[in-house]
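**Student:** Take this structure, written in structure tokens, and hold onto it; I'll ask about it next.
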Amino acid sequence: MTSAPSRSVAVVTLGCARNEVDSEELAGRLASEGWTLVDDAAQADVAVVNTCGFVEQAKKDSIDALLEANDLKDSGRTQAVVAVGCLAERYGNQLAEQLPEADAVLGFDSYSDMSSHLTAVLNGHKLEAHTPGDRRKLLPISPAKRQEGASGLALPGHGDAPTLEPSDVEVASPVSTPRVIRARLDGRPWAPLKIASGCDRRCAFCAIPAFRGAFLSRRPSDVLAEARWLAEHDVKEVFLVSENSTSYGKDLGDLRLLDTMLPELTAIDGIERVRVSYLQPAEIRPDLLDVMANTPGVAPYYDISFQHASGPLLRTMRRFGDRESFLTLLDDVRRRTPNAGIRSNVIVGFPGETEKDLEELEQFLVAARLDVVGVFGYSDEDGTEAESYADKLPTDEIEARVEHFRTLTEELNLQRAEERVGERLDVLIEAEEDEDGELRFVGRAGQQGPDVDGVTYVETSDERPLAIGDMVSVDVVATEGIDLVAEVR
């Protein structure tokens, strides 16, 4: 009896670090069922595009990626293009109708049996497109009942996997230890690690809860098992991701589970740094700040979702806080961690935003001394509360406000980078580059998050060679924009 020929797949990822986790879990599932993973979609039998559906630009980027993958069918080996991820989950059959270039549009419920779906597509079968629905309704309203209610529910990035034989993408673990289904899709010395999915907040501008579902924590044993697996695969920094990390554990009966899990993560052999992302300001507890500040190996990094600083406007957004409370929170962070790296995002042009609201935001940003600020202009998102609001601002006015605040925050962020000259930081080396004939290394300090927070260029001598994956202590000597230039200590 001859075995079926191996088929190849390329997983193309768009969007956030949470999507990267989902892609690596998908890749692990496929590899465990005999698929060959390739980096280049042009060399794959099927291209799986893990889309983003967060904001308008992300949707456009995802559609462009699907169209580019479809072009490969005319010129290369690629036989099929399959859309998965948030855009596919959110729009499903509507996306399939408007984008016939995608051979299939599959939602999260298809992930556990993705191999069968891809095989069917390659064999010429037409799959029914995913029908979207409000995923919040799939779990009990009460957080205390969700873990039991999640049995059998598709939760991308949570590692719930079918029974499979051990392979090189799994941990061959004792029965008492959760198995990990994941395949690394890059060689970076850091990796995102999902601790929860979904969100219970009802921000008026955000559609994520509807297509990602209600908040659900992963069990600490699962998170720790995956962190150990990542360490075995040369990961030095784990980046804890979720839609709201400050809610972690509420559905497991203990909101302090993140506090207790952080020291366990940093104690894993091979893990040198643990980074926490996406903290909701209204939910940040003093105990959590204490643990983050006092646990060796936890990055001095605070990714805090402020969104604005005007109290009245934040209430309209269905959020909490104001300029004064946010500045008090930042003082609390810096009292514990004086050299903390702090990043945030803000939205301008929200319906009803007044000049007084803008003044509050500007005063906050000037006083806050944030390392990085992402500035976004408001746009209607399908199905959100704000979509129905009156007092919408003209597009040109929103663009003018975005331009003003981007200019302001760029200058403020440059000033904050310059304040770091003379500081001693720990940097994870991630790449090397040739700068005018001289080799220098590129890394990130604990204060710099992946991809969007700037980097640190590390200069060293022949007597002190470095390698990707090294964690080195450096002194900051200069800046290049918001990037830092440092010398090995």
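**Student:** Could we say that Gly297 is under 20 Å from Ser242 (Cβ atoms) and not aliphatic (A, V, I, L, M) here?
**Tutor:** Details: under 20 Å from Ser242 (Cβ atoms): yes; not aliphatic (A, V, I, L, M): yes.
Criteria met by Gly297.
**Student:** When you go through (1) open to solvent by 40 Å² or more (accessible area, probe 1.4 Å); (2) closer than 12 Å to Val46 by Cβ one by one for Ala104, which number turns out not to apply?
**Tutor:** All conditions pass for Ala104, except number (1).
**Student:** For region 39-75, which positions are of a type outside the set (Ser, Thr, Tyr), outside any helix (DSSP H, G or I) and open to solvent by less than 40 Å² (accessible area, probe 1.4 Å)? Talk me through it step by step, then tell me what you get.
**Tutor:** Within region 39-75, the first condition is being of a type outside the set (Ser, Thr, Tyr), and the residues that meet it are 39-50, 52-61, 63-74.
Among the residues that remain, those that are also outside any helix (DSSP H, G or I) are: 39-40, 44-50, 52-55.
Once the filter is applied, which keeps residues that are of a type outside the set (Ser, Thr, Tyr), outside any helix (DSSP H, G or I) and open to solvent by less than 40 Å² (accessible area, probe 1.4 Å), region 39-75 yields Ala44, Asp45, Val46, Ala47, Val48, Val49, Asn50, Cys52, Gly53.
**Student:** Looking at region 220-267 only, could you name the residues that are within 23 Å of Tyr302 (Cβ to Cβ), among the acidic types (Asp, Glu), assigned to a helix (DSSP H, G or I) and open to solvent by 50 Å² or more (accessible area, probe 1.4 Å)?
**Tutor:** Scanning region 220-267 gives a single hit, Glu264.
**Student:** Given the conditions (1) closer than 30 Å to Gly481 by Cα; (2) surrounded by 15 or more Cβ atoms within 10 Å (Cβ to Cβ); (3) not aliphatic (A, V, I, L, M), report the number of the one that Glu359 does not fulfil.
**Tutor:** With (1) closer than 30 Å to Gly481 by Cα; (2) surrounded by 15 or more Cβ atoms within 10 Å (Cβ to Cβ); (3) not aliphatic (A, V, I, L, M) applied to Glu359, the lone miss is (2).
**Student:** To continue, here is another question. May I ask you to verify whether Ile208 is of a type in the set (A, V, I, L, M) and either crowded, with 24+ Cβ neighbours inside 10 Å or at pLDDT 95 or above (or both)?
**Tutor:** Working: of a type in the set (A, V, I, L, M): yes; either crowded, with 24+ Cβ neighbours inside 10 Å or at pLDDT 95 or above (or both): no.
Taking the combined requirement at face value, the residue does not satisfy it.
**Student:** Let me ask something else about it. Looking at region 405-412, can you tell me whether even one residue there is under 29 Å from Tyr302 (Cβ atoms) and not in a helix (DSSP H, G or I)?
**Tutor:** no
**Student:** Restricting to region 450-469, give me the number of residues that are closer than 17 Å to Ala299 by Cα and modelled with pLDDT under 95.
**Tutor:** Filtering region 450-469 down to residues closer than 17 Å to Ala299 by Cα leaves 450-456, 469.
Retained after the next criterion (residues that are modelled with pLDDT under 95): 450-454.
Number of matching residues: 5.
**Student:** I need a count of the residues in region 362-377 that are in a loop (DSSP other than H, G, I, E, B) and free of Cβ contacts under 8 Å to residues at least 60 places away in the same chain. Lay out the reasoning, then the answer.
**Tutor:** So in region 362-377, the residues in a loop (DSSP other than H, G, I, E, B) come out as 369-371.
Next, from what is left, pick out any that are free of Cβ contacts under 8 Å to residues at least 60 places away in the same chain: 369-370.
Total meeting the criteria: 2.
**Student:** When you scan region 456-489, how many residues do you find that are open to solvent by less than 40 Å² (accessible area, probe 1.4 Å), in contact with an Asp or Glu (Cβ under 8 Å, 6 or more places away or on another chain) and within 30 Å of Arg406 (Cβ to Cβ)?
**Tutor:** Total satisfying the criteria: 7.
**Student:** For region 52-75, does any single residue satisfy the condition of being of a type outside the set (Val, Ile, Thr), in contact with a helix residue (DSSP H, G or I) (Cβ under 9 Å, 6 or more places away or on another chain), at pLDDT 90 or above and within 16 Å of Leu122 (Cβ to Cβ)?
**Tutor:** no
**Student:** Then there is this: Take the conditions surrounded by fewer than 18 Cβ atoms within 10 Å (Cβ to Cβ), in contact with a strand residue (DSSP E or B) (Cβ under 8 Å, 6 or more places away or on another chain) and closer than 18 Å to Val375 by Cα and apply them to Leu414. Does it pass?
**Tutor:** Numbers: surrounded by fewer than 18 Cβ atoms within 10 Å (Cβ to Cβ): yes; in contact with a strand residue (DSSP E or B) (Cβ under 8 Å, 6 or more places away or on another chain): yes; closer than 18 Å to Val375 by Cα: yes.
Here the answer is yes, as Leu414 does meet what is asked.
Per-residue answers, yes or no, for (1) of a type in the set (Asp, Glu); (2) in contact with a Ser or Thr (Cβ under 6 Å, 6 or more places away or on another chain); (3) at pLDDT below 90:
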residue: Asp160; (1), (2), (3): yes, no, yes
residue: Pro166; (1), (2), (3): no, no, yes
residue: Glu170; (1), (2), (3): yes, no, yes
residue: Thr177; (1), (2), (3): no, no, yes
residue: Pro192; (1), (2), (3): no, no, no
residue: Cys199; (1), (2), (3): no, no, no
residue: Cys203; (1), (2), (3): no, no, no
residue: Glu232; (1), (2), (3): yes, no, no
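**Student:** Another question, if that's okay. Restricting attention to region 315-333, and to residues there that are of a type in the set (Lys, Arg) and in a helix (DSSP H, G or I), which single residue is least open to solvent (accessible area, probe 1.4 Å)? Spell out how you get there, then give the answer.
**Tutor:** Initial filter on region 315-333 (of a type in the set (Lys, Arg)): 315, 318-319, 323.
Narrowing further to those that are in a helix (DSSP H, G or I): 315, 323.
Values: Arg315: 107, Arg323: 72 Å².
Looking at the filtered set, the residue picked out is Arg323.
**Student:** Just wondering, is there one or more residues in region 378-391 that are within 29 Å of Leu484 (Cβ to Cβ), of a type in the set (Phe, Trp, Tyr), surrounded by 14 or more Cβ atoms within 10 Å (Cβ to Cβ) and in contact (Cβ under 8 Å) with a residue 12 or more places away in the chain? Don't jump to the end; show me each part of the working.
**Tutor:** The first filter runs over region 378-391 and keeps only residues within 29 Å of Leu484 (Cβ to Cβ), leaving none.
Taking every residue of region 378-391 in turn, none turns out to be within 29 Å of Leu484 (Cβ to Cβ), of a type in the set (Phe, Trp, Tyr), surrounded by 14 or more Cβ atoms within 10 Å (Cβ to Cβ) and in contact (Cβ under 8 Å) with a residue 12 or more places away in the chain.
**Student:** Follow-up question, since we're still on this one. Provide a single number: the residues in region 362-372 that are open to solvent by 20 Å² or more (accessible area, probe 1.4 Å) and in contact with a strand residue (DSSP E or B) (Cβ under 6 Å, 6 or more places away or on another chain).
**Tutor:** Count: 1.
**Student:** Consider Gly297 against the criteria (1) at positive phi; (2) at pLDDT below 95: it satisfies all of them except one. Which criterion is unmet?
**Tutor:** Result: Gly297 passes all but (2).
The values are calculated or read from the model by the stated rules, or taken from the named source; none is laboratory data. Everything numeric here is computed off the predicted structure, so don't read it as measured data. FYI the Cβ positions are ideal-geometry reconstructions off the backbone, even for glycines, and counts take in every protein chain you see. The area values use the complete protein model at the heavy-atom level, side chains included, leaving out ligands, DNA and RNA. Shrake-Rupley method; radii C 1.70, N 1.55, O 1.52, S 1.80 Å.
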